[in-house]
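Structure first, then comments.
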Amino acid sequence: MSLTSVKKAKSSLGKARQVFLYVAPFPALVFFKIWISLGRDPGSLFIVAGSMLAYCSICLALALRWDKPTYFDWAIWAYFLAISLSLVLWKEATAPILVEYAITGVYLCLFGAAFLPPILRLDPFTYHYAKKLVPQAFWSTPVFANINRVMTFVWAGIFAICGLLSLYPSSVTRALVPISMIVGLGIPFNLLFPDYYLKSIGLPTMAAMRGSGDLSAKNAAAVSDKKALPDVVACRLEPLGSTVPPKSVQRQAETTDQSQSERSTTLKVIAINSSPRADGTSKTGIMLEALVGGMREAGAEVETVHLRQKVVKNCIGCFTCWTKTPGICVHKDDMTNELFPKWLEADIAVYATPLYHYTMNATMKAFVERSLPTLEPFFIPNEGGTRHPLRHKLPQAVVISVAGFPELAVFDQLSSYVRFLFGRGLLAELYRPAAEVMKLPEFSETSRDILSATADAGRDLVQSRKISNETMERITQPIVDPDSLAKMANMFWKSCIQEGLTPKEFERKNLVPRPDSVQTFMMIMSRGFNPLNAAGSRAVIQFDFSGEIEGACSFRIENGLIEAKEGRSEKPDLTIQSPFDIWMDIVTGKSDGQQMFMEQKYKAIGDLSLLIRMKELFGNR
Ligand SMILES: Cc1cc2nc3c(=O)[nH]c(=O)nc-3n(C[C@H](O)[C@H](O)[C@H](O)COP(=O)(O)O)c2cc1C
């Protein structure tokens, strides 16, 4: 049997116990009533009532051991105790009353269990069942109390009517009508009223609340055992402790009947990607994919969520999640219904954001703001400042971000923010500057190493919750010097503006950025170099530019490699003398090289076969 199936079997056993506890005492009433109806010897009544008392005592003991007895458990037990004592003390008088009114006694006992507790300022009987279905944060709210009070009094009314009807001796008044009322009125009311009430005051339904709270019905049952109640600590979005074991382990540790050997240690990770760009083009996505790949390899269970595909509305600051429905957001969107519960379930949350205006982007910030239900409203002094207490254990945080600028310092503000926000819960920060050039062929080797280091970081995080300095250095390694990056970026943006195209459109059309200097021309030629086509070739090609931009450069091609050099070469095999603009028109495909040559717009001196092969040697886009 696999670990999962063991887990499933255990959880269904838990449910089976719960159902057993709910219904266990009622067959005693039915059996006792049938026994009386069959007109058995009144002398045997004491034995049967005593046996039922013993049976109900066992049910009570089991309820005490596994959960908590309901008022019905106590009431039915008291009913049989009273009957047994009466039969001992006043056998002759009790037996005929029982024969005539046992069923009225049953309804009276149910009525007492429903009606008396709220009158005596105890919890209504429905609390016991409702607490298994509703997040704990909701239990102390007036809404929860109101719903349960109404349901309790409706049940008390039904039992009272059943009791009154049963005074008339007929199977219609004693069984048919009461059972119809319980099944046809009481139970449907019980199922429908809470959602009706919640909707009528503009709150989310029970299903949405269960989705939002961290307490599933199963966990709530554990809470009634006082085992799964999260500690409340004063801090920011910090999880409790910096080396918390996987929640899967914590959850199982809280389950009393789960043996040590059956515990799964699978680390649950939620990877949240806030880049608006689709995978493939998004550098955030590419880096995250590598990290997640490493985490999976190390055995973590990772779910990646792309916020661009989800509806996460902005927090509207209504504080409903702090007051009316503690822990539950008023919005009914993907955050409430799906992301928030998944995030709370995770051991680690990876926050992957592109750097926008030196911090996380608005999409990620909206996600962070929507975590407000995890906090309680109260102010608590903390380390010289003020904090809100946490309602939940939060996942540990890993932040990964990419930026266009080349300096690592562009992440300083983001880093300062996430360190403050996540505090001790922040496991790691992975920052990749100059990320946009990772897609360029001339940087493919460095990019590969960066991505492989990011995957190593994912493995390290799962295995040791740390990333080694060496891996970090590989992730942040310089990919291009800032000066060259600026030249390349400016050439690219100028080209996009000239063409009237967005970067995406520009790339889709497979256009070549128009060099605006000899240096950028050298970059573009090196990028366009096709090593396969050049294999076996050995040549030096020189360019002499005139016109608006003057200057010279040369390219040495050897063994499938290219070396660009500014200035003239001693012995070029081919020299092209051209106005800069003419040659740039050829490079960007605006005019045809051969046509321009025929029209003598430029001159070629030396090995003209190299001129003919120009497209073949530099046509790698
Ligand atoms: C609105 C906006 C703001 C940006 N702000 C910065 C910034 O402050 N610093 C920076 O280096 N790059 C900045 N960038 C560039 C992005 O960080 C960079 O393009 C990154 O690769 C985008 O990630 P993606 O590929 O996952 O979309 C900004 C981009 C946008 C669209």
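The values are calculated or read from the model by the stated rules, or taken from the named source; none is laboratory data. If you're wondering where the values come from, they're calculated on a predicted model, not measured in any experiment. Backbone-built Cβ (ideal geometry, glycine too); neighbour counts: all protein chains shown. Accessible surface is based on the protein model in full, side chains and every heavy atom, while ligands, DNA and RNA are left aside. Shrake-Rupley method; radii C 1.70, N 1.55, O 1.52, S 1.80 Å.
Of the residues 310, 283, which single one is within 13 Å of the ligand (Cβ to nearest atom) and of a type in the set (Lys, Arg)?
Numbers: 310 fails: within 13 Å of the ligand (Cβ to nearest atom).
Step by step, each of 310, 283 is checked, and only 283 is within 13 Å of the ligand (Cβ to nearest atom) and of a type in the set (Lys, Arg).
I'd like to know if the range 572-581 contains one or more residues that are at pLDDT below 95, open to solvent by 20 Å² or more (accessible area, probe 1.4 Å) and touching a strand residue (DSSP E or B) at 6+ places or on another chain (Cβ under 7 Å). Steps first, please.
Going residue by residue through the range 572-581, those that are at pLDDT below 95 are none.
No, the range 572-581 has no match at all.
In this structure, does residue 323 turn out to be open to solvent by 10 Å² or more (accessible area, probe 1.4 Å), away from the ligand (no atom under 15 Å from the Cβ) and polar (S, T, N, Q)?
Numbers: open to solvent by 10 Å² or more (accessible area, probe 1.4 Å): yes; away from the ligand (no atom under 15 Å from the Cβ): yes; polar (S, T, N, Q): yes.
Here the answer is yes, as residue 323 does meet what is asked.
Which of the strands (runs of 3 or more DSSP E) contained wholly in the range 346-390 include at least 2 residues that are within 16 Å of the ligand (Cβ to nearest atom) and open to solvent by less than 40 Å² (accessible area, probe 1.4 Å)?
On the way: elements: 348-354, 380-382, 385-387.
It comes to 348-354.
Against the condition part of a loop (DSSP other than H, G, I, E, B), at pLDDT below 95 and farther than 18 Å from residue 425 by Cβ, how does residue 280 come out, does it pass?
Details: part of a loop (DSSP other than H, G, I, E, B): yes; at pLDDT below 95: yes; farther than 18 Å from residue 425 by Cβ: yes.
Criteria met by residue 280.
Against the definition (under 28 Å from residue 144 (Cβ atoms) and either in contact with a strand residue (DSSP E or B) (Cβ under 6 Å, 6 or more places away or on another chain) or open to solvent by less than 20 Å² (accessible area, probe 1.4 Å) (or both)), how does residue 304 come out, yes or no? Lay out the reasoning, then the answer.
On the way: under 28 Å from residue 144 (Cβ atoms): no; either in contact with a strand residue (DSSP E or B) (Cβ under 6 Å, 6 or more places away or on another chain) or open to solvent by less than 20 Å² (accessible area, probe 1.4 Å) (or both): yes.
In short, no.
What residue, of 425, 404, is of a type in the set (Gly, Ala, Ser), touching a residue at least 40 places away in the same chain (Cβ under 8 Å) and within 16 Å of the ligand (Cβ to nearest atom)?
Working: 425 fails: within 16 Å of the ligand (Cβ to nearest atom).
Result of the check over 425, 404: 404.
What are the pairs with Cβ atoms under 8 angstrom where one residue, in the range 350-370, is touching a residue at least 40 places away in the same chain (Cβ under 8 Å) and acidic (Asp, Glu) and the other, located anywhere, is more than 13 Å from the ligand (Cβ to nearest atom) and part of a loop (DSSP other than H, G, I, E, B)? Sequence gap at least six, or different chains.
Close Cβ pairs satisfying both conditions: 369/314; 369/315.
Identify, please: which residue in the range 290-301 is of a type outside the set (Gly, Ala, Ser) and in contact with a strand residue (DSSP E or B) (Cβ under 8 Å, 6 or more places away or on another chain) and is, among those, most open to solvent (accessible area, probe 1.4 Å)? Spell out how you get there, then give the answer.
Narrowing the range 290-301 to residues of a type outside the set (Gly, Ala, Ser): 291-292, 295-297, 301.
Checking the rest, the ones that are also in contact with a strand residue (DSSP E or B) (Cβ under 8 Å, 6 or more places away or on another chain) come to 291-292, 295-296, 301.
On the way: 291: 0, 292: 6, 295: 0, 296: 120, 301: 99 Å².
So the residue we want is 296.
If a residue has to be part of a helix (DSSP H, G or I) and either open to solvent by less than 80 Å² (accessible area, probe 1.4 Å) or among the charged types (D, E, K, R) (or both) to count, how many in the range 307-320 make the cut? Please lay out each step first, then the result.
Kept after step one, since they are part of a helix (DSSP H, G or I), are these residues of the range 307-320: 307-309, 320.
Next cut, either open to solvent by less than 80 Å² (accessible area, probe 1.4 Å) or among the charged types (D, E, K, R) (or both) only: 307-308, 320.
Adding up the residues that qualify gives 3.
Which members of the range 433-461 meet the condition of being in contact (Cβ under 8 Å) with a residue 12 or more places away in the chain, more than 14 Å from the ligand (Cβ to nearest atom) and polar (S, T, N, Q)?
Answer for the range 433-461, where residues must be in contact (Cβ under 8 Å) with a residue 12 or more places away in the chain, more than 14 Å from the ligand (Cβ to nearest atom) and polar (S, T, N, Q): 446, 452.
Can you find even one residue in the range 409-421 that is assigned by TED's automatic domain parsing to the domain that holds residue 356, more than 30 Å from residue 532 (Cα to Cα), of a type in the set (Val, Ile, Thr) and surrounded by fewer than 20 Cβ atoms within 10 Å (Cβ to Cβ)? First the steps, then the outcome.
Within the range 409-421, the first condition is being assigned by TED's automatic domain parsing to the domain that holds residue 356, and the residues that meet it are 409-421.
Filter once more, keeping what is more than 30 Å from residue 532 (Cα to Cα): 409-421.
Still in the running and of a type in the set (Val, Ile, Thr): 410, 418.
Pick out the ones that are also surrounded by fewer than 20 Cβ atoms within 10 Å (Cβ to Cβ) and you get 410.
Yes: one or more hits.
State which residue is modelled with the lowest pLDDT when the search covers only the range 36-64 and only residues that are in contact with a helix residue (DSSP H, G or I) (Cβ under 6 Å, 6 or more places away or on another chain) and open to solvent by 60 Å² or more (accessible area, probe 1.4 Å).
Here the answer is 42.
Can you go through 430, 394 and tell me which one is in a strand (DSSP E or B), closer than 26 Å to residue 267 by Cα, in contact (Cβ under 8 Å) with a residue 40 or more places away in the chain and away from the ligand (no atom under 13 Å from the Cβ)?
Result of the check over 430, 394: 430.
Would you pick out the residues in the range 582-597 that are open to solvent by 40 Å² or more (accessible area, probe 1.4 Å), out of contact with any Leu (no Cβ under 8 Å at 6 or more places or on another chain) and closer than 23 Å to residue 539 by Cβ?
The first filter runs over the range 582-597 and keeps only residues open to solvent by 40 Å² or more (accessible area, probe 1.4 Å), leaving 585, 589-590, 592, 594-595, 597.
With the extra rule that they be out of contact with any Leu (no Cβ under 8 Å at 6 or more places or on another chain), the set shrinks to 585, 590, 592, 594-595.
Correct list: 592, 594.
Tell me, yes or no, whether the range 481-497 has at least one residue that is under 29 Å from the mean Cα position of the chain (by Cα) and in a helix (DSSP H, G or I). Even if it seems obvious, please write down each step before you answer.
As a first pass, look at the range 481-497 and keep what is under 29 Å from the mean Cα position of the chain (by Cα): none.
No: the range 481-497 contains no residue that is under 29 Å from the mean Cα position of the chain (by Cα) and in a helix (DSSP H, G or I).
Residues are listed down the side, and each one gets a yes or a no for (1) open to solvent by less than 20 Å² (accessible area, probe 1.4 Å); (2) more than 23 Å from residue 27 (Cα to Cα); (3) assigned to a helix (DSSP H, G or I); (4) outside the structural domain of residue 31 (by TED's automatic domain parsing):
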| site | (1), (2), (3), (4) |
| --- | --- |
| 98 | yes, no, yes, no |
| 102 | yes, no, yes, no |
| 108 | no, no, yes, no |
| 113 | yes, no, yes, no |
| 140 | no, yes, no, no |
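If you scan the range 601-615, which residues turn out to be within 15 Å of residue 545 (Cα to Cα) and either assigned to a helix (DSSP H, G or I) or open to solvent by 30 Å² or more (accessible area, probe 1.4 Å) (or both)?
Going through the range 601-615, the residues within 15 Å of residue 545 (Cα to Cα) turn out to be 601-605.
Those that are within 15 Å of residue 545 (Cα to Cα) and either assigned to a helix (DSSP H, G or I) or open to solvent by 30 Å² or more (accessible area, probe 1.4 Å) (or both): 601, 603, 605.
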